[in-house]
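Q: Here it is, the structure, as structure tokens.
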Amino acid sequence: MTGQRTQVMQAGRAALRVLAPMAGLPQGGWQVTLLSARREGQGARGVLRADPAQGQGENLPSVIVKLHLPVEPARFEAMRAGHAAAARALPDGVPAALAACEAHGALLLSCVQGEPVWEALSQRADGAGSADMLIAAGAWLGRFHKGAARGAEALQTGGPLRRLRRLAKARDLPQPQAYCAALGALETLGQQAQNPTPHAVIHGDMTLQNLLVTPDLRVCGIDFENAEAAPAMRDLAGLVADDAIWFGAGGAIDLDAQAPLLRGYSGAGGAVDAAALRFFVGAKLLGLWAAQPARGADRTARRAYVWSRLQQITPEFFTL
């Protein structure tokens, strides 16, 4: 086990000893499994699952410990508040928050069934059932936004465009001239999306990895620390772009109302704003572009695949 993973495991065990009694659960007698440990800046974030050890009682639930290292009060509060907002919007579609401890920067959550939608789709080489799974994913997001609706406001495109311009200046990008041309096309898309658009408390990092799905297509959302009041189409664009990059074919992105994600979203009560959605899909694609190292030799296998898909998708999407 690497130093980072060891650090997260030790911190997670210590947090569990404090959190479990707060939730009315035994302090000891848990079998702890590290689910993920990821470096973030100078620290790390981790997720652990704790299962009751044999003989601890058949009725004890498995639980999840989620934490950030080092402990930062502001970051802990964002994690706690984001999950609380999600639970208010869709209490049956997110893990239950059982306890929170600022001193350990950790939350104790119920353990929900399912695997990430991204992984479930990856296992379906022939695409069998993929549309139904995407409909279910879109429906979860539609229900979430409906429960967290904040009315309609004018779309402010300046922030995303400024961020993408800063990235172009701050980084050595692959094909910088094509990037700037695509950014100009995105500005035009923003000008076409000036009508009031639905706002809600959004997930803020909506990908197919952050939705869990069971074999009977029950969906649960996870990781709400980036939740904020913002245009709802930003979340939906994250799912659309993720699906196009990893599971699409050719250069087209299907933004038709009958595309599975959009059909599921609108069928669950979400309001699709086609112009705003197209703008945010474009912003997501350029964000992925700006994250690419300029030299192919510096790209991981995952980034190399994303870059190959961006080269297929962006010329058609931005009509370059």
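Q: If you roll a 1.4 angstrom probe over the protein chains with everything in place, what fraction of the accessible area of the stretch 155-306 belongs to carbon and sulfur, to the nearest %? Intermediate values should be presented prior to the final figure.
A: Details: 3350 of 6660 Å².
Its accessible area is 50 percent carbon and sulfur atoms.
Q: Helix-only mean residue ellipticity at 222 nm, the chain, DSSP H runs n ≥ 4 weighted -39,500 (n - 2.57), per residue, nearest 500. What is it? Don't skip to the end; give the middle numbers.
A: Values: 10 runs with 147 residues, N = 320.
Computed ellipticity for the chain at 222 nm equals -15000 deg cm²/dmol.
Q: Okay, moving on. Putting +1 on Lys and Arg Cβ atoms and -1 on Asp and Glu Cβ atoms, find which of Ala232, Leu173, Cys111 reaches farthest to the positive end of the dipole of the chain.
A: My answer, from the dipole projection, is Leu173.
Q: Please turn the phi angles of the stretch 59-72 into ³J(HN,Hα) values with the Karplus equation 6.51 cos²θ - 1.76 cosθ + 1.60 (θ = phi - 60°), one per residue in order, whole Hz, x for glycine and proline.
A: My calculation for the stretch 59-72 gives 8, 6, x, 6, 9, 10, 10, 10, 8, 10, 10, x, 5, 10 Hz in order.
Q: Across 10 Å bins from 0, what is the distribution of all Cα-Cα pair distances for the stretch 16-141, in whole percents?
A: 11, 35, 33, 18, 3
Q: Something else: So for the chain, averaging the separation of alpha carbon pairs under 8 Å that are six or more residues apart and normalising by length, what relative contact order in percent results?
A: Numbers: 561 pairs, mean separation 57.9, N = 320.
Over the chain, the number comes to 18 percent.
Q: Follow-up. Starting from the eigenvalues of the Cα gyration tensor, five times each then square-rooted, give me the equivalent ellipsoid semi-axes of the stretch 183-308, largest first, whole Å.
A: Details: eigenvalues 111, 80, 44 Å².
Result for the stretch 183-308: semi-axes of 24, 20, 15 Å.
Q: Here's a follow-up. To one decimal place, what Kirkwood hydrodynamic radius in Å is obtained for the chain from all pairs of distinct Cα atoms?
A: Its Kirkwood hydrodynamic radius stands at 20.9 Å.
Q: Distance between Cα centroids, the stretch 270-302 to the stretch 166-229: provide it in whole Å.
A: Measuring centre to centre over Cα atoms gives 7 Å.
Q: Given +1 on the Cβ of Lys and Arg, -1 on the Cβ of Asp and Glu, and no further charges, what dipole in debye does the stretch 66-122 carry about its Cα centre, rounded to the nearest 20?
A: Computed about the Cα centre, the dipole is about 140 debye.
Q: Suppose the chain between Arg75 and Arg13 were pulled fully straight at 0.36 nm per residue; how much longer would it get relative to their current alpha carbon spacing? Don't jump to the answer; show the numbers that get you there.
A: Details: separation 62, 0.36 × 62 = 22.32 nm, distance 1.99 nm.
Length gained between Arg75 and Arg13: 20.3 nm.
Q: Express the accessible area of the stretch 31-72 per residue in Å², computed with a 1.4 Å probe while the remaining protein chains stay in the model.
A: Accessible area per residue: 57 Å².
Q: Compute the acute angle (0 to 90°) between the alpha-carbon long axis of helix 158-170 and the principal axis of greatest extent of the alpha-carbon atoms of the chain; round to the nearest 10°.
A: It works out to around 90 degrees.
Q: Report in % the part of the accessible area of the stretch 1-114 that belongs to carbon and sulfur, leaving out ligands and nucleic acids; probe 1.4 Å.
A: Details: 2870 of 5840 Å².
The computed percentage sits at 49.
Q: With +1 on each Lys and Arg Cβ and -1 on each Asp and Glu Cβ, how big is the dipole of the chain about its Cα centre, in debye rounded to the nearest 20? Intermediate results must be reported in sequence, preceding the final value.
A: On the way: 31 positive and 27 negative charges, 183 e Å.
In debye, rounded to 20, the chain gives about 880.
Q: For the stretch 260-272, what does the Karplus curve 6.51 cos²θ - 1.76 cosθ + 1.60, with θ = phi - 60°, yield as ³J(HN,Hα) per residue in whole Hz, taken in order and with x for Gly and Pro?
A: x, 4, 5, 5, x, 4, 5, x, 8, x, x, 9, 8
The values are calculated or read from the model by the stated rules, or taken from the named source; none is laboratory data. No experiment lies behind these values; they were computed from the predicted model shown. All Cβ positions, glycine included, derive from the backbone under ideal geometry; neighbour counts span all protein chains shown. We work out accessible area using only protein heavy atoms, side chains counted, and drop any ligands, DNA or RNA first. Shrake-Rupley method; radii C 1.70, N 1.55, O 1.52, S 1.80 Å.
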